[in-house]
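**Q** My structure is below; once you've seen it, I'll send some questions.
No lab work stands behind these numbers, since they all come straight from the coordinates. All of these numbers come straight from a predicted model, not from anything done at the bench. Every residue, glycine as well, gets a Cβ built from its backbone with ideal geometry; the counts of neighbours run over all protein chains shown.
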Amino acid sequence: LARAIVRDVYEAEDAARVIATLVMVMVVIPMLSPALGGELMDQFGWQSVFIAIAFFGILTLLFSISYLPETLKEPIPFEGAGAVLVTFISLFKSPAFCGYAFCVTFVSVVFFSFISAAPEIMVSVLDRPPTEYGYYFIMIPLGFMSGNYVTRYFGRSIELNRMITWGASITIVGIALAFILLSLGIKHPLALFVPIAIAISGNGITLPNAMAAAINEFPNLAGSASGLTGFLQMAFSAVAAQVVALIFNGTVYPLLMMMFSAAVLSLVSFKLGVNAERYAATV
């Protein structure tokens, strides 16, 4: 819903810059929340975690009621679940929307595959104590934030599709670099976390731009486009996290193969969708 509101208020290029900030908060805060939740539980008991969630939920609700106006210029009446399904089908019929939406989806698979497997790899593959994981992992949100910064800084001067291409390419290069370093026998966490931080910085560029572009394809259906993109994003990422666990063989390579495949698919999905839309426009 927040992404749909951004699209109601901003045009495509500006929306990408605003969504970059929004996505950064959506990704970075969950990264920090386990540590904060752990501290709350340690100091005040498990009940304090639910009290904190309820407090911030109520605070958000009160803030929304008090300060968030209706942003949709022409309200569309709700016509039932059948109409929602028809809307989703119409979205899937758009090559451009599918290209952007699956670009977002596979970029997210890269990210969630890594964070689901990295703790186990740190301990069982790189032979490091669990206490070190947090220190190295901080590079990942920093990489993502750097990509978001690039989007916010260059969002008005560089076209959306070019930014998506650059971001997806950086992700592919970063994962390939991790392959190379680890294949050379460099068994150090930096050989994994530095290249992956570079790859995730590419995600930080691709994700907000592709998300803004997907929503922008149907401005009058921004909420549905945002919801469908978010569903694909979470569903594929959840499946990928399970697959990574199933194919783990005691090395880092199954994870990197999953991430590399997803990164390539994100770029291919985007290119196919955009090119199909351009071809359809010329026919």
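**Q** What number comes out for the charge environment of residue 128, summing +1 per Lys or Arg and -1 per Asp or Glu over other residues with Cβ under 14 Å away?
**A** Values: positive: 187; negative: 120, 127, 132.
For residues surrounding residue 128, the net value is -2.
**Q** Which residues does a label at residue 8 reach in the stretch 207-237, if reach means a backbone N under 20 Å from a point 7 Å past the Cα toward the Cβ?
**A** Counting only backbone N, you get 211-231.
**Q** In addition: In square nanometres, what is one fourth of the surface area of the convex hull spanned by the alpha carbons of the chain?
**A** Working: hull surface 69.4 nm².
Value for the chain: 17.3 nm².
**Q** Put +1 on the Cβ of each Lys and Arg and -1 on the Cβ of each Asp and Glu in the stretch 2-277; which of 179, 249, 117 then has its Cα farthest toward the positive end of the dipole?
**A** Of the options given, the answer is 179.
**Q** Taking neighbour counts of Cβ atoms within 10 Å as a proxy for exposure, in what order, fewest first, do 151, 60 appear? Intermediate results must be reported in sequence, preceding the final value.
**A** Values: 151 27, 60 11.
So the residues, fewest neighbours to most, are 60, 151.
**Q** Between the DSSP loop rule and a limit of at most 15 other Cβ atoms within 10 Å, which trypsin sites (Lys or Arg not before Pro) in the stretch 134-192 are left?
**A** Values: sites: 152, 156, 162, 187; in loops: 156, 187.
Sparse-neighbourhood loop trypsin sites (Lys or Arg not before Pro): 156, 187.
**Q** At 222 nm, what helix-only mean residue ellipticity would the chain give, in deg cm²/dmol to the nearest 500, using -39500 (n - 2.57) for each DSSP H run of four or more? Could the numbers behind the result be given before it?
**A** Details: 11 runs with 232 residues, N = 283.
After summing the helix terms and dividing by the residues of the chain, the value is -28500 deg cm²/dmol.
**Q** Ok, one more. What distance in nm separates the two pseudo spin-label positions at residue 36 and residue 92, each 7 Å out from Cα along the beta-carbon direction?
**A** Going from the residue 36 label point to the residue 92 one covers 3.7 nm.
**Q** Ok, one more. Where does each of 217, 39 land when they are ranked from fewest to most other beta-carbon atoms within 10 angstrom?
**A** Details: 217 21, 39 11.
Exposure proxy ranking, most exposed first: 39, 217.
**Q** Let me ask something else about it. Determine the gain in length on full extension of the stretch residue 21-residue 234; use 0.36 nm per residue of separation and subtract their C-alpha separation, reporting nm with one decimal. Can you show the working numbers first?
**A** Details: separation 213, 0.36 × 213 = 76.68 nm, distance 1.93 nm.
Stretched fully, the residue 21-residue 234 segment lengthens by 74.7 nm.
**Q** What distance in nm lies between label points placed 7 Å from Cα along the C-beta direction at residue 257 and residue 276?
**A** Each label point lies 7 Å from its Cα, and together they span 2.8 nm.
**Q** When the Debye formula is applied to the Cα atoms of the stretch 212-258, each taken as the same point scatterer, what base-10 log of I(q)/I(0) results at q = 0.17, 0.20, 0.26, 0.28 Å⁻¹?
**A** For the stretch 212-258, the Cα-only Debye profile gives -0.60, -0.67, -0.85, -0.92.
**Q** Could you pull out the longest piece of the chain with no exposed loop chymotrypsin sites (Phe, Trp or Tyr not before Pro) in it, calling a site exposed if DSSP puts it outside H, G, I, E, B and it has at most 14 other Cβ atoms within 10 Å? Spell out each step's value before the answer.
**A** Values: sites that count: 46, 78.
Answer - 79-283.
**Q** For residue 264 and residue 1 in one chain, what is 0.36 nm times their gap in residues minus the Cα-Cα distance, to one decimal in nm? Write out the running numbers ahead of the final one.
**A** Numbers: separation 263, 0.36 × 263 = 94.68 nm, distance 2.86 nm.
Using 0.36 nm per residue and subtracting the Cα-Cα distance, I get 91.8 nm.
**Q** How large is the direction-averaged shadow of the alpha-carbon convex hull of the stretch 64-176, in nm²? Walk me through the numbers on the way to the answer.
**A** Working: hull surface 49.0 nm².
It is 12.2 nm².
**Q** Subtracting the Cα-Cα distance from 0.36 nm times the residue separation, let me have the gained length for residue 161 to residue 131 in nm, one decimal. Could you put the intermediate results ahead of the total?
**A** Working: separation 30, 0.36 × 30 = 10.80 nm, distance 4.05 nm.
So the extension gain works out to 6.8 nm.
**Q** Kindly put 164, 51 in sequence by how many other C-beta atoms sit within 10 Å of each C-beta, fewest to most. Please report the intermediate quantities before stating the final value.
**A** On the way: 164 29, 51 12.
Ordered by Cβ neighbours within 10 Å, fewest first: 51, 164.
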